[in-house]
Structures are given as structure tokens and as C-alpha cells.
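Undergrad: Provided herewith is a single structure, encoded as C-alpha cells, for subsequent inquiry.
The values are calculated or read from the model by the stated rules, or taken from the named source; none is laboratory data. Here the structure is a predicted model, which is why all the values come from computation and not from measurement. With ideal geometry, Cβ positions are generated from the backbone for all residues, glycine too; neighbour counts draw on all protein chains shown. Protein only, heavy atoms only, side chains kept; ligands, DNA and RNA dropped before computing areas. Shrake-Rupley method; radii C 1.70, N 1.55, O 1.52, S 1.80 Å.
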Amino acid sequence: MVNVHNLTVTFNGTDLFSGITFKLEKGDRVGLVGKNGAGKSTMLKVLSKDLPSDGGTLAFDKDIQIGFLRQDIDFIPGRTIIEEAYQAFEEIKKIETEIARINHELAERTDYESEYYSGLIHDLEEKTTRYELLGGYNYQGETEKVLQGLGFQRTDFNKLTDTFSGGWRMRIELAKLLLQNNDILLLDEPTNHLDIESIIWLEGFLKNYAGAVVLVSHDKMFLDNVTNRTIEISLGQIYDYKKPYSQFLLLRDEIREKQLQAQKNQEKEIKAKEELIERFRYKATKASLAQSLIKQLDRVERIEVDGEDNAVMNVRFPLSKEPGKVVVEAENVSKNYETKQVLSQVDLQIERGIKIAFVGQNGQGKSTLAKMIVGEISYTGNLKLGHNVEIGYFAQNQAEHLDGEQTLLETMENAANDGNRAKVRDMLGAFLFRGEEVDKKVKVLSGGERNRLALCKMLLEPFNVLVMDEPTNHLDIQSKNVLKQALENFQGTLILVSHDRDFLQGLTQKVLYFKDQKIKEYLGDLDYFLETHQLENMREAEMKTAVASEKNKEKSTGKLSREQEKELKKVKNKYSKIERLIADLEKEIEKMDAQLAEDYEKHAADGTFFETYQNKKNSLDQLMEELFELDEEIASKQA
């Protein structure tokens, strides 16, 4: 699909990477990894043709389609979510317009025997066939499935895109890419704005993706679950192995160990020969032997050990002073944004020294409660902080509040006080900003480097309660490991909003699960929370909650008579049967779509193929209508 040969990219006069060669094939799901600033996003831009290279060649298969999830997204104002998502089907929408125009013209004309009328009929048949081939009868249902998988509710579909935050807009763009028939998907940190449920859904989607996927992600579990190949960019070179991330790390360590051993053995042999050469060089009888040994050494290909970038942050969160036993107490706390109720009559008590994770779908109030605790937004009810509580707060968009025109040093010095201003260079050094790097402007930093700077700046103020909202966004895996270690060693109280499963594992002693305006408390870390409910993933938790809610609804409406229960059961059985028939038909239609895509001419020549195909489509539409009617009937019987 793509051949990359001897690729070089230069940034500010220095090679970001040079002489890089690799090949992308269909079915490759590549995790592109490396430290912040190594050039991962740059590599994606080069592959997408957004950025020219400074050397080497890129050869693409003919008519290849590439989809690129960029970090900067710009939508045309005035479109709803569903309208924006439909932009993924540009050709289908165009054919729809043309079919509508032809049908309108046919309805207006009466010259049924004319050549022009016959031409219109022929055009309609051609366009209808093409429409079917492109999946024109399925695209609306597919769009709804993908949007719901990424966390949107049906009630969101007709809302304007510009009423949603950047994270949700990124999901719309991701939905469009997943719906397009791209040969290669380039995804730059796709999980940054997704909750755990949506990440799990995306994992399943990408594992079954037919084309090639290249993704930059710092979510170790996501990489392990999705990828079958890892390309690491390190010190300007790449290391390419057909293994997911964790297996790649083990393999890299083994290979480096073997290289070191082989290098030591070679150095011993070289040293022994050099000693012989030195001994024989000046003896006439041994001069020819010495020359022979010199030629042997000249021909030796010296073993090199793969470079390793071991530089890591040095993070420590010191405790300012000891607070009272209870650090946060909330009673009857509620919060709404205009007509949307996010939290309702929540009671909560957080004790000194506890580490708590806030989890749940986006929009359920996790960040809202964090902002209420730090006093950033208003609410109703009572929420008070305990005695001697000093809060450190890392907001989800903390890095965005940095002034791009200031240097790193100016950023720190302007935020420092007389007591710690002299220490800012040492603090920057601990966060891997050393020497002349402190004079760089913030605007040239990568997303991960900005997050590191924001973390460093946060440490200028003392605290004993640390509230962190998605602190791992954009941080590379090594930096996340260091941050996790620092949080494990932190002696104060930690309130952590995160969707990163690997980061949360073993870090907290309690999980607060946000759902339907309420909070439910679970003792233990995220793994324990999942195991307690015997869940494979958070999606099953959502389904289980929905079922429980439906049962409670049934109970609250009063007891049905035996005859009514019997009738309701009959309708539900019919509903389940139709659901199975729909699932079977969808599989059959998908199979026929694949057959058409593989060999259109062969199946077009078969007169019965399209007849069968259309009959299945018609049956599917009919069953969907029946299902809708049965759904309404069930709702009315339970009311």
C-alpha cells in the first residue's frame, strides 16, 4: 500500500529522523510510539501528504484513500451532528441528489416512448446500482451505530456541531473517518477525548478494520488490544517489530541484550587481534601476518547496539501541611447546565489520604464535580473543604492556558514567588527541559511537552489535596509511568479523573462511578470495580444499568394481570425473533456487498443476484418497521 524509503525530515536545521525505511500492508495495525517530541505526529503528517519530506521517497498504491484524524478540526457552521457525519458519504449523497432529480423529471414527463425518456430510465438504473454497491441503503443505520458507539445519544443527532466542545467535535470527525471506505487510517491520539466505554468500542472496530491503521497513542492497553505491529521512533531512527506494544518492549530488551553481548564478544576479538598486530608489526618474519590481520579488522562490520533514550521526568509531589480528617464534604449537591441536569442531590465525603478515581461516560459529571471541589463553577447544595485543605488542580485543558508567546523560563518565573523563583531552572530540568530548551517559546512545544510544563508549573504552589482531570492526555508512556509512580508516593489526597485503564490500575483505593446524575462508590481500584461486577468491559456495565433501570420502571408502574403478562411475553418473544431475523439479514447483505466489491462484473452479469439483493433489502426495511411498531406496543403495555 505504501513504501517509505530513506525518509528524512528536518526541523529547525536538525534531522528529526533520517534514513527511515518501512512498508505498510493491508491488515497492518501499527502502533507508532516514542517519546514526546520524537516525531510521531510529524510522521503521520508526512504519510497523509500534509507535510513534505526533506529526503527519501514515498510510493503509494494507485487510487489509495487515506483518512487522517488531525488534532485541529474545523467544521462548517450550521450543520447538525448527523449532517456532519453524513459528509463521510460524499458520493452516496451526490447520487441521492441525482436519483431524486431523475425521479422528479420522470414524474413530470409524459413522452414515455421517446429516446430521452429511455435514457433517463437507463441513467436511473445505473445510478441505483452504483448506490446499492456503495451501501446507500445502509449508510444511515451505520452512521447512527458509529455515533452511538462513540458516546453520542440519539437526542444529540440533530444538535448543531458548534454547540459541542472540542472533545466531542473530535468524536464527530473520528466517526466520519470510520465510516469512510479508506484504505489507510492515520489516527493521532484518538483516545484522548474518549471515555472508557467508547475506547472499548473503538478497539473492537479497529480490530476488524480491513485496511491499514497507523495510530499514535500513549494508552498502553489500547495499543496492546488493537495493534499487531509497533514502530518506535527513538533518537532519529525507527525500530519496527510485528508485535503489539508490550510484546515489542520485551523483544526490544532481548535484542538489545543480545546486541550488547555480541558487541562485547566482538570487542574482545578485535582487542586480541590488535594486540597481535602490535606484537608482529615490527618483526620481518611476521609482517605479512600483521598485514593480514589488519585487512581482517578493516573488513569487520562493527556491531552497534540500538540507541536508547532513557531520559525521564523526575516528579515528586511534596505535602504542604496535614489537613483535617475529612477534606471534602458534599451534601445534596446538584448541578445543571441550562436544561441539562448533570448531578442531582449528590452526597459525598472524602477523607484525608485516600486516592479516588472518577470514572464513567463523558457528560456524566466527573469533570463537573472536580471543578466544584476546586471552586471553579457554581452549584446548588452544600460543599465544603476541610480544615487546612490546600488544593492543587490540574485541569483537563491546563496546557491550553499557557501563553504560547512566552518562553518556558518566563512561564515558570512569572508564576513563581520570591521563595521558589531561584529553583525554576532546576524544576524545568526535572521535567526534561534543560539547557537552551528553557528559552524555547511554548507555542513550539508538542502536546505532551506542554502537559509536562503545565505539571511543572503546578508544583510552584503547595497543596495537600491533588485534583487531576485527565493528566495523561498527550503524555508519552514513559512520562505516564513516572507520573503514576509519583502519585503512588504522594502522601496527600488524590482525586483523579481518567479514562486510562493502565494508568488507573493499582493506583486508587476507591472508584466513584458516575451515571444518571448519581454517584456510586466502590472500594478498590478499577480492576476490582470491573471484577466485582463480573464484567469484561464498561460497555456491559452500561447495558446492565439500562436493564436494571427498565426492570425498576416495570415494577414502579404496578403489577400486571396474568393475562396482560402473557400477552406482553408473547409480544416480546416476537420482538426477539424479529431482532434475530434482522441480524441474519444484515449479515447476508454485508456478505453480498463484499461479493459485489470483490467482483462487480461477475455478479452484475448474474440476473438473479440483484433481484435477491433487493429482496433482502426490502425484507430488512419491512422487519425494521415491524420492530419499531412492536417496540411501541411493548412500551404501551408496560405503561
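Undergrad: Within region 103-116, is even one residue touching a strand residue (DSSP E or B) at 6+ places or on another chain (Cβ under 9 Å), open to solvent by 30 Å² or more (accessible area, probe 1.4 Å) and at pLDDT 85 or above?
TA: No, region 103-116 contains no residue that is touching a strand residue (DSSP E or B) at 6+ places or on another chain (Cβ under 9 Å), open to solvent by 30 Å² or more (accessible area, probe 1.4 Å) and at pLDDT 85 or above.
Undergrad: Go through (1) in contact with a helix residue (DSSP H, G or I) (Cβ under 9 Å, 6 or more places away or on another chain); (2) surrounded by fewer than 20 Cβ atoms within 10 Å (Cβ to Cβ) one by one and return the number of the condition residue 252 breaks.
TA: It fails just one condition, (1).
Undergrad: Between a residue in region 263-274 that is at pLDDT below 80 and any residue that is part of a helix (DSSP H, G or I), which pairs come within a Cβ distance under 9 Å, given they are 6 or more apart or on different chains?
TA: From region 263-274, the pairs are 270/297; 273/293; 273/294; 273/296; 273/297; 274/293; 274/297.
Undergrad: Restrict the check to region 131-150 and report whether at least one residue is crowded, with 16+ Cβ neighbours inside 10 Å, more than 30 Å from residue 362 (Cβ to Cβ), out of contact with any helix residue (DSSP H, G or I) (no Cβ under 6 Å at 6 or more places or on another chain) and touching a residue at least 24 places away in the same chain (Cβ under 8 Å).
TA: yes
Undergrad: In this structure, does residue 378 turn out to be assigned to a loop (DSSP other than H, G, I, E, B), open to solvent by 70 Å² or more (accessible area, probe 1.4 Å) and either closer than 19 Å to residue 488 by Cα or not basic (Lys, Arg) (or both)?
TA: Considered against the rule, which asks whether it is assigned to a loop (DSSP other than H, G, I, E, B), open to solvent by 70 Å² or more (accessible area, probe 1.4 Å) and either closer than 19 Å to residue 488 by Cα or not basic (Lys, Arg) (or both), residue 378 comes out as yes.
Undergrad: Consider residue 364 against the criteria (1) surrounded by fewer than 19 Cβ atoms within 10 Å (Cβ to Cβ); (2) of a type outside the set (Val, Ile, Thr); (3) outside any strand (DSSP E or B): it satisfies all of them except one. Which criterion is unmet?
TA: Unmet for residue 364, out of (1) surrounded by fewer than 19 Cβ atoms within 10 Å (Cβ to Cβ); (2) of a type outside the set (Val, Ile, Thr); (3) outside any strand (DSSP E or B): (1).
Undergrad: While we're on this one: Could you grab me the full set of residues in region 218-248 that are in contact with a Pro (Cβ under 7 Å, 6 or more places away or on another chain) and either open to solvent by less than 20 Å² (accessible area, probe 1.4 Å) or charged (D, E, K, R) (or both)?
TA: 223, 224, 227, 230
Undergrad: So, one more: In region 397-417, what count of residues is obtained for those that are open to solvent by less than 60 Å² (accessible area, probe 1.4 Å) and either more than 23 Å from residue 483 (Cα to Cα) or acidic (Asp, Glu) (or both)?
TA: Total meeting the criteria: 3.
Undergrad: So, restricting to helices (runs of 4 or more DSSP H) that lie completely within region 418-501, which ones have at least 3 residues that are closer than 28 Å to residue 375 by Cα and either at pLDDT 85 or above or open to solvent by less than 10 Å² (accessible area, probe 1.4 Å) (or both)?
TA: Per the criteria, 447-458, 477-489.
Undergrad: Listed residues 26, 35, 49; which is at pLDDT below 85, among the charged types (D, E, K, R) and assigned to a loop (DSSP other than H, G, I, E, B)?
TA: Sole residue among the options that is at pLDDT below 85, among the charged types (D, E, K, R) and assigned to a loop (DSSP other than H, G, I, E, B): 35.
Undergrad: Go through region 342-368 and give me each residue that's in contact (Cβ under 8 Å) with a residue 40 or more places away in the chain and under 18 Å from residue 196 (Cα atoms).
TA: Selection gives 356, 357, 358, 359, 360, 361, 362, 363, 364, 365, 366, 367.
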